[in-house]
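Input: a single structure, listed below in C-alpha cells.
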Amino acid sequence: MAMIEKITKQADSLQKKIDSLSGNYLTNTWKRQQEQKWRDTQIERFKLQKQVYDYLAEEAGCRDLTAFETALITGTFF
C-alpha cells in the first residue's frame, strides 16, 4: 500500500508541473516562441512519465509485484 501512495504522490507532482506549464503565454517574439516550444516539450515529457506512474499504480493495486517490478518502480523514483 505504501508503494501505491508513493507512486500516486509522484503522479500528482507531475500533474502540478504540467498545470503550471500550461498557462496562456504570449508568443509574439522569437524568444517567446522558443520558450513555448520548450514548455511544450516539458509537458509531453511529464505526461509520458505520468502515464508510467499511473500504469505502475494500477499494476501494484491489482496484484503482488515481483521483485523485478518493485526494483523498476524504485528506480523510477530516482
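Brief remarks follow.
- T41 vs. criteria without any contact (Cβ under 8 Å) to a residue 60 or more places away in the chain, among the hydroxyl-bearing types (S, T, Y) and over 28 Å from I73 (Cα atoms): no
- Criterion: over 9 Å from the mean Cα position of the chain (by Cα) and at pLDDT below 85 - qualifying residue of L21, L56: L56
- Whichever residue in the range 34-48 is of a type outside the set (F, W, Y) and touching a helix residue (DSSP H, G or I) at 6+ places or on another chain (Cβ under 7 Å) and, among such residues, is farthest from D12 (Cα to Cα): R39
- The residue pairs whose first member lies in the range 8-33 and is among the charged types (D, E, K, R), whose second member is surrounded by 11 or more Cβ atoms within 10 Å (Cβ to Cβ), and whose beta carbons are closer than 7 Å, counting only pairs six or more residues apart or on different chains, are K17/F46; R32/Y25.
The values are calculated or read from the model by the stated rules, or taken from the named source; none is laboratory data. What you see is a predicted model; the values in this text were computed from it and never measured. Cβ sites come from the backbone with ideal geometry, for glycine too, and all protein chains shown count toward neighbours.
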